[in-house]
Amino acid sequence: MTDTLKKIQDHFISERLFYSRHAKSEMQLEEFGEILDREVAEAVASGRIIEDYPEDSPYPSCLIFGTTDAGRPIHVVCAYCAGENLTIIVTVYHPDPQRWIEYERRLP
């Protein structure tokens, strides 16, 4: 998983990204306040993969948890496309503390 995270982080640095329409909509309408592109980049740079979805189609994806420079928790679902040398941002949200333990584990 660490290799995938490094490649995704490199894509953020080189701007080899594609935000899905769903991700952009979720970022704008986030109940805890709008999430900016800069905040997504900060969260991924400081983040770690907390869930892996290797069977997702058309590309494997993962859930990254990270925090912004201001300490805001962010979840980013990314699909890494090796053939395209691109990361697709599937969705982005501020995790609800009532549904997550320390924003890293889902509550039962």
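Looking only at the stretch 30-66, count how many residues are polar (S, T, N, Q) and either buried (at least 18 other Cβ atoms within 10 Å of the Cβ) or closer than 16 Å to Ile8 by Cβ (or both). Spell out how you get there, then give the answer.
Taking the stretch 30-66 first, the residues polar (S, T, N, Q) are 46, 57, 61.
Imposing the further condition that a residue be either buried (at least 18 other Cβ atoms within 10 Å of the Cβ) or closer than 16 Å to Ile8 by Cβ (or both) reduces the set to 46, 61.
The number of residues fulfilling the criteria is 2.
Take the conditions under 15 Å from Arg105 (Cα atoms) and touching a helix residue (DSSP H, G or I) at 6+ places or on another chain (Cβ under 6 Å) and apply them to Ile49. Does it pass? First the steps, then the outcome.
On the way: under 15 Å from Arg105 (Cα atoms): yes; touching a helix residue (DSSP H, G or I) at 6+ places or on another chain (Cβ under 6 Å): yes.
Yes.
How many residues does the stretch 1-21 hold that are of a type in the set (A, V, I, L, M, F, W, C) and in a loop (DSSP other than H, G, I, E, B)?
The total comes to 1.
Just wondering, is there one or more residues in the stretch 67-75 that are at positive phi and assigned to a loop (DSSP other than H, G, I, E, B)?
yes
Which is assigned to a strand (DSSP E or B), out of contact with any His (no Cβ under 9 Å at 6 or more places or on another chain) and either farther than 19 Å from Lys7 by Cβ or not hydroxyl-bearing (Ser, Thr, Tyr) (or both), of Ile88, Ile64?
When all the criteria are applied, what remains is Ile88.
Any idea which residue in the stretch 1-18 is modelled with the lowest pLDDT, counting only those that are closer than 15 Å to Ile89 by Cβ and β-branched (Val, Ile, Thr)?
Residue satisfying both the conditions and the ranking: Thr4.
Quick check on my filter: what residues within the stretch 22-47 are among the basic types (Lys, Arg) and within 14 Å of Val77 (Cβ to Cβ)?
Answer for the stretch 22-47, where residues must be among the basic types (Lys, Arg) and within 14 Å of Val77 (Cβ to Cβ): just Lys24.
Can Pro108 be described as touching a Cys at 6+ places or on another chain (Cβ under 9 Å), exposed (fewer than 14 other Cβ atoms within 10 Å of the Cβ) and without any contact (Cβ under 8 Å) to a residue 12 or more places away in the chain?
In short, no.
Select, from Tyr59, Tyr80, the only residue that is modelled with pLDDT under 95, assigned to a strand (DSSP E or B) and not basic (Lys, Arg).
Tyr80
Please state which of the following conditions Ala79 fails to meet, knowing it meets all the rest: (1) of a type in the set (A, V, I, L, M); (2) in contact (Cβ under 8 Å) with a residue 40 or more places away in the chain; (3) farther than 18 Å from Arg105 by Cα; (4) crowded, with 20+ Cβ neighbours inside 10 Å.
(2)
The values are calculated or read from the model by the stated rules, or taken from the named source; none is laboratory data. Please read all numbers here as calculations on a predicted model, not as lab measurements. Backbone-built Cβ (ideal geometry, glycine too); neighbour counts: all protein chains shown.
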